[in-house]
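The values are calculated or read from the model by the stated rules, or taken from the named source; none is laboratory data. Model, not experiment: these values are computed from the prediction. Here the Cβ positions follow ideal geometry from the backbone for every residue, glycine too, while neighbour counts run over all protein chains shown.
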Amino acid sequence: MSHTGDYPSKVKIVDVGPRDGLQNEKQALEASDKIALINQLAEAGLQVIESGSFVNPKWVPQMASSEEVFAGLTRKSGVTYSALTPNLKGFERAVQAGADEVAVFAAASEGFSQKNINCSIAESLERFAPVMEAAKAASIPVRGYISCVVGCPVEGRIAPQQVSTVARELLAMGCYEISLGDTIGVATAADCETLIATLGKDIGVEKLAVHFHDTYGQALANILRSLQMGVRVVDSSVAGLGGCPYAKGATGNVATEDVVYMLNGLGIEHGIDLEKLMAAGNAISARLGRKSQSRVAVALSAKEDG
């Protein structure tokens, strides 16, 4: 039975595992491992895959092979291979490498912005101005990320109005979509309701995506509430890869497998083959020397072994 009355009939999943996930893993992987993962995700039906980050390798050594990764992909038509680009130099490298889309990121918290990228929110947005101009000239879509949308390791609670201010700036600069990141995973369903209601009023819910970390085990509940509020784009990470290097004790992004299982139960269309997705997650987890962080993958794999 379908419950689509209260939910969108279709949801787009953005898999951030190969970038946000692997970037925050202590163990660096070969480019070939990342290429295999991205190709498997595309085969599983993911239409948007965050495939690398063109930041200074000094800061994020795990992403030093992004050029090599993009060059080695077996590109599937209809799939968007995106990259994170913090500045113009990063943007130029991403275009050279063949990224279909880029993302820029700002924080909703001044304290986190200073600690994470050593500048104020306003300064971080100024740095993106040349990126936005270059992207417009090259007809490359730009997605905007906002981190710490509910809570911050430096400042504590963040007011929805602060998030709204940053979101409006990013949209005004030319971002087509804003991904709301609960970086330390403290949000509850009630927080999501308040945040999305505020942003829905200010900028429209159709421009929003959600990006939850599962630190407190609330990610699926938060996604469910966001879907009920009209959000149709969800970021998740295959096998639950990655934590946040700047937030102590934070576990990784919500696992894509767990989100897909939930969407299946709701009869919401997403275009992803759960078996193939699990195989991709289990393979990359094995490369990292551990089992998948996805509850669904662990449960279903145990059933198959049993």
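Against the criterion of being over 22 Å from residue 133 (Cα atoms), in contact with a strand residue (DSSP E or B) (Cβ under 7 Å, 6 or more places away or on another chain) and among the hydroxyl-bearing types (Ser, Thr, Tyr), residue 82 does not qualify. When the residues of the range 263-273 are narrowed to those that are closer than 15 Å to residue 234 by Cβ, touching a helix residue (DSSP H, G or I) at 6+ places or on another chain (Cβ under 9 Å) and touching a residue at least 12 places away in the same chain (Cβ under 8 Å), which ends up surrounded by the fewest Cβ atoms within 10 Å (Cβ to Cβ)? Among residues in the range 263-273 that are closer than 15 Å to residue 234 by Cβ, touching a helix residue (DSSP H, G or I) at 6+ places or on another chain (Cβ under 9 Å) and touching a residue at least 12 places away in the same chain (Cβ under 8 Å), the one surrounded by the fewest Cβ atoms within 10 Å (Cβ to Cβ) is 269. What is the residue count in the range 172-195 for residues that are surrounded by fewer than 22 Cβ atoms within 10 Å (Cβ to Cβ) and either part of a helix (DSSP H, G or I) or not aromatic (Phe, Trp, Tyr) (or both)? Summing the residues that are surrounded by fewer than 22 Cβ atoms within 10 Å (Cβ to Cβ) and either part of a helix (DSSP H, G or I) or not aromatic (Phe, Trp, Tyr) (or both) in the range 172-195 gives 11. Tell me, please, whether a residue that is out of contact with any helix residue (DSSP H, G or I) (no Cβ under 9 Å at 6 or more places or on another chain) and not β-branched (Val, Ile, Thr) can be found in the range 221-240. Within the range 221-240, none of the residues are out of contact with any helix residue (DSSP H, G or I) (no Cβ under 9 Å at 6 or more places or on another chain) and not β-branched (Val, Ile, Thr).
Give me a count of the residues in the range 286-303 that are of a type outside the set (A, V, I, L, M, F, W, C), part of a helix (DSSP H, G or I) and either over 15 Å from residue 18 (Cβ atoms) or touching a Gly at 6+ places or on another chain (Cβ under 9 Å) (or both). Before you say what the answer is, go through the steps one by one.
Taking the range 286-303 first, the residues of a type outside the set (A, V, I, L, M, F, W, C) are 287, 289-295, 301, 303.
Remaining after also requiring part of a helix (DSSP H, G or I): 287, 295, 301, 303.
Subsequent filtering for residues that are either over 15 Å from residue 18 (Cβ atoms) or touching a Gly at 6+ places or on another chain (Cβ under 9 Å) (or both) retains 295, 301, 303.
So the answer is 3.
Of all residues in the range 35-48, none satisfies being in contact (Cβ under 8 Å) with a residue 40 or more places away in the chain, crowded, with 18+ Cβ neighbours inside 10 Å, in contact with a Leu (Cβ under 7 Å, 6 or more places away or on another chain) and among the polar types (S, T, N, Q).
Restricting attention to the range 275-286, the residues that are surrounded by 18 or more Cβ atoms within 10 Å (Cβ to Cβ) and in contact (Cβ under 8 Å) with a residue 24 or more places away in the chain total 6. When residue 27 is tested against (1) surrounded by 17 or more Cβ atoms within 10 Å (Cβ to Cβ); (2) at pLDDT below 95, just one condition goes unmet, and that condition is (1). Hey, could you check the range 87-125 for residues that are more than 17 Å from residue 143 (Cβ to Cβ) and among the β-branched types (Val, Ile, Thr) and say which is modelled with the highest pLDDT? Of everything passing the filter in the range 87-125, 121 is modelled with the highest pLDDT.
Would you be able to tell me the number of residues in the range 24-34 that are part of a loop (DSSP other than H, G, I, E, B), in contact (Cβ under 8 Å) with a residue 40 or more places away in the chain and not hydrophobic (A, V, I, L, M, F, W, C)?
At the first step, the residues of the range 24-34 found to be part of a loop (DSSP other than H, G, I, E, B) are 24-30.
After this cut, where a residue has to be in contact (Cβ under 8 Å) with a residue 40 or more places away in the chain as well, the list is 24-25, 27, 29.
Next, from what is left, pick out any that are not hydrophobic (A, V, I, L, M, F, W, C): 24-25, 27.
Adding up the residues that qualify gives 3.
Take the conditions (1) in contact with a Pro (Cβ under 7 Å, 6 or more places away or on another chain); (2) at pLDDT 95 or above; (3) more than 20 Å from residue 252 (Cα to Cα); residue 55 misses just one of them, which is (2).
Regarding residue 160, is this residue over 26 Å from residue 101 (Cα atoms) and at pLDDT 95 or above?
Numbers: over 26 Å from residue 101 (Cα atoms): yes; at pLDDT 95 or above: yes.
In short, yes.
Close contacts from the range 200-221, counting a first residue that is assigned to a loop (DSSP other than H, G, I, E, B) and a second that is modelled with pLDDT of 95 or more and polar (S, T, N, Q), with Cβ to Cβ under 6 Å and a gap of 6+ residues or different chains, come to 218/188. Residue count for the range 35-71 under the criterion of being over 26 Å from residue 89 (Cα atoms), in a loop (DSSP other than H, G, I, E, B) and among the hydrophobic types (A, V, I, L, M, F, W, C): the result is 2.
Yes/no per residue for (1) over 11 Å from residue 145 (Cα atoms); (2) among the small types (Gly, Ala, Ser); (3) over 19 Å from the mean Cα position of the chain (by Cα):
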site: 161; (1), (2), (3): yes, no, yes
site: 172; (1), (2), (3): yes, yes, yes
site: 180; (1), (2), (3): no, no, no
site: 184; (1), (2), (3): yes, no, no
site: 192; (1), (2), (3): yes, no, no
site: 200; (1), (2), (3): yes, yes, yes
site: 205; (1), (2), (3): yes, no, no
site: 208; (1), (2), (3): no, no, no
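Can you spot a residue in the range 92-110 that is buried (at least 21 other Cβ atoms within 10 Å of the Cβ) and without any contact (Cβ under 8 Å) to a residue 40 or more places away in the chain? Looking through the range 92-110, none of the residues is buried (at least 21 other Cβ atoms within 10 Å of the Cβ) and without any contact (Cβ under 8 Å) to a residue 40 or more places away in the chain.
Among the residues making up the range 196-211, a single one is surrounded by fewer than 17 Cβ atoms within 10 Å (Cβ to Cβ), among the hydrophobic types (A, V, I, L, M, F, W, C) and under 21 Å from residue 15 (Cα atoms): 205.
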